Amino acid sequence: MQWSRYNLMWESPAGGSLLYNSLSNTFAAAEPPLAAELAKIQANPDAYDFSHNPALLLQLRRAKVLVEAGEERDLLNLSLLKRNLDCLRHDVLGLTIVPTLACNFRCTYCYQQHKRPARMTDAVQTQLLAFIQRYQVYGQLKFLDVSWFGGEPLLEFDRICRLTDEFLALEVPYTGSMVTNGYLLDKERIAKLEDLKIKSIQITIDGPEEIHNRRRPHAVKGDSYAVIMANVERLLERWSGHLSLRVNVDRNNREKFFEIRGRLQQLFPGKNLEIYPGIVQDSPRNNPDTPCECSTPETDDFLLEVYRQSPDGDGVNLYPHASPCMAQRRNSFVIGPEGEVYNCWHDVGNPDGVVGSIFPDQEWNYTLLSRYMVGTEVFADENCRQCLFLPRCSGGCPHFRARSLFQGEDFNTCLWIKSRFTEFLELRYLKERRKNSTITSNQGG
């Protein structure tokens, strides 16, 4: 028996001995008597006599704190196999559809540097439906999930309605979502959301009114905050779906996140609403606010403070979890308004990011496709293979990881909270202890 290399045990002022294992994603606290026994086990697992406490052995084996020789390698291989099988599923199709690259906003930090006022035509709509039908025959499609993106998708609301009618006619279980700036989400469009099967919407509010209006102005009408907030209020009254309010933060506005979150929570108590920060990572290089992007230490400080000020940790999830990005899945595509296909939202509008086309006579860029799907594989990275968090990490954003690996750009794709992880777990422990008075273990998701 061996003490797992993926254990992290330390003495914490907050709760004595704390133990985390990344193989099982288990976090536990040990009272002093148990902590003393764990120290003996760590020193020499094979010499420890478990006969007086076989339940402890069972717990440590179940949590992968103790492992057999070679077991960790097999568990990592099994994890990789499961993830690959998930990425290669053919019975589910996830599409992010960009009906237009046009946008009615001029956000200072927008990463879509290749804006063109392209809009989807009837010919592209016809080919999009044919693309899905080909996939339906090939993949025995059992579920279709569509996210409407842009540009600003509501500029092409009629196109969204016509496409949705065609999707529903396929007689395949279907659900939709939308990322919108919310300016055009008036009562007429809200009234149609249920028929469009749109179950979730993301809208960005970048702080109190003055700050939001400076960062996210309407291209023609200037200030946008009041219109968006009126639409949000109407939406939450008349629509049954889940609303995410994202606050894009950098050095300019991060301290205002707490103010706007508190204000929104007071305005919309009890609603199906999530308010969370989005870290500005890759705004255009010619953006005068580029130096205001948060560095990793600043990001860690900010996220820890968000977690600290959240009674239940809402608004930010720092617990490690490994989940493939859509860019690494064979069944997920971003469809541009001219029928071009991308792997990633970040590439929308950039000709260099096109991997293929919904038109059957067009060639695909399998080199770029392979860079996203397998070239960013964290298990193939020797540095990552030595990391405690390997079992719970997908290597960070595949877009930034690919740019680091294949274009030589400098992006840190490690877990943001990696260097402050014990501090986060101590905060988590204190929250759980206040909630439950005692804590023995906490299985992460």
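The values are calculated or read from the model by the stated rules, or taken from the named source; none is laboratory data. All of these numbers come straight from a predicted model, not from anything done at the bench. Don't worry about glycine lacking a Cβ; one is built from the backbone with ideal geometry, like all the others, and counts go over all protein chains shown.
How many of the residues making up region 132-177 are aromatic (Phe, Trp, Tyr) and more than 25 Å from Gln202 (Cβ to Cβ)?
2
Confirm whether Val354 is touching an Asp or Glu at 6+ places or on another chain (Cβ under 9 Å), buried (at least 20 other Cβ atoms within 10 Å of the Cβ), over 30 Å from Ser419 (Cβ atoms) and touching a residue at least 12 places away in the same chain (Cβ under 8 Å). Spell out how you get there, then give the answer.
Details: touching an Asp or Glu at 6+ places or on another chain (Cβ under 9 Å): yes; buried (at least 20 other Cβ atoms within 10 Å of the Cβ): yes; over 30 Å from Ser419 (Cβ atoms): yes; touching a residue at least 12 places away in the same chain (Cβ under 8 Å): yes.
For Val354, the condition - touching an Asp or Glu at 6+ places or on another chain (Cβ under 9 Å), buried (at least 20 other Cβ atoms within 10 Å of the Cβ), over 30 Å from Ser419 (Cβ atoms) and touching a residue at least 12 places away in the same chain (Cβ under 8 Å) - is met.
Any residue that is of a type in the set (Val, Ile, Thr), within 30 Å of Asp46 (Cβ to Cβ) and touching a Ser or Thr at 6+ places or on another chain (Cβ under 7 Å) - is there at least one of those in region 59-73? Break it down stepwise before answering.
Of the residues in region 59-73, the ones of a type in the set (Val, Ile, Thr) are 65, 67.
Okay, now just the ones that are also within 30 Å of Asp46 (Cβ to Cβ), so 65, 67.
Narrowing the set further to residues that are touching a Ser or Thr at 6+ places or on another chain (Cβ under 7 Å) leaves 65, 67.
Checked against the condition, which is being of a type in the set (Val, Ile, Thr), within 30 Å of Asp46 (Cβ to Cβ) and touching a Ser or Thr at 6+ places or on another chain (Cβ under 7 Å), region 59-73 yields at least one hit.
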Exercise. Can you pull out the helices (runs of 4 or more DSSP H) entirely within region 1-111 that have at least 2 residues that are under 26 Å from the mean Cα position of the chain (by Cα) and in contact (Cβ under 8 Å) with a residue 40 or more places away in the chain?
Worked result: 71-87
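Where residues in region 235-244 are in contact (Cβ under 8 Å) with a residue 24 or more places away in the chain and in a helix (DSSP H, G or I), which of them is surrounded by the fewest Cβ atoms within 10 Å (Cβ to Cβ)? So that I can check it myself, show each step before the final result.
First pass over region 235-244, keeping only residues in contact (Cβ under 8 Å) with a residue 24 or more places away in the chain: 235-236, 238-244.
Filter again for in a helix (DSSP H, G or I), leaving 235-236, 238.
Details: Leu235: 23, Leu236: 18, Arg238: 12.
In this case the residue turns out to be Arg238.
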Exercise. List pairs: first in region 416-445 and acidic (Asp, Glu), second modelled with pLDDT under 70 and surrounded by 17 or more Cβ atoms within 10 Å (Cβ to Cβ), Cβ under 7 Å, 6+ apart or cross-chain?
Worked result: Glu426/Gly15; Glu432/Ile439; Glu432/Asn442
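Residue by residue through region 393-410, note down the ones that are assigned to a loop (DSSP other than H, G, I, E, B) and crowded, with 17+ Cβ neighbours inside 10 Å.
Within region 393-410, Cys393, Ser394, Gly395, Gly396, Cys397 meet the criteria.
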Exercise. What number of residues in region 358-392 are crowded, with 16+ Cβ neighbours inside 10 Å and hydroxyl-bearing (Ser, Thr, Tyr)?
Worked result: 2
For this session: Hey, could you check region 271-288 for residues that are modelled with pLDDT of 90 or more and assigned to a loop (DSSP other than H, G, I, E, B) and say which is nearest to the chain's Cα centre (by Cα)?
Result: Asn272
Exercise. Hey, among the residues in region 412-442 that are assigned to a loop (DSSP other than H, G, I, E, B) and modelled with pLDDT under 85, which one's farthest from Ala29 (Cα to Cα)?
Worked result: Asn412
For this session: Among the residues of region 305-344, count how many are without any contact (Cβ under 8 Å) to a residue 40 or more places away in the chain and β-branched (Val, Ile, Thr).
Result: 1
For this session: Exactly one condition in (1) assigned to a helix (DSSP H, G or I); (2) closer than 30 Å to Val220 by Cβ; (3) over 25 Å from the mean Cα position of the chain (by Cα) is not met by Ile160; state its number.
Result: (3)
For this session: Scan Ile205, Ile228, Ile160, Ile198 and give me the residue that is within 18 Å of Pro337 (Cα to Cα) and among the aliphatic types (A, V, I, L, M).
Result: Ile160
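Name the one entry in Val232, Val247, Val227 that is assigned to a helix (DSSP H, G or I) and crowded, with 19+ Cβ neighbours inside 10 Å.
Details: Val247 fails: assigned to a helix (DSSP H, G or I); Val227 fails: crowded, with 19+ Cβ neighbours inside 10 Å.
Every option except Val232 fails the conditions.
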Exercise. What pairs can you find where one residue is in region 394-412 and of a type in the set (D, E, K, R), the other is in a helix (DSSP H, G or I), and their Cβ atoms are less than 6 Å apart, with a gap of 6+ or different chains?
Worked result: Glu409/Arg403
For this session: Can you confirm whether region 204-220 contains a residue that is closer than 15 Å to Ile275 by Cβ and touching a Leu at 6+ places or on another chain (Cβ under 8 Å)?
Result: yes
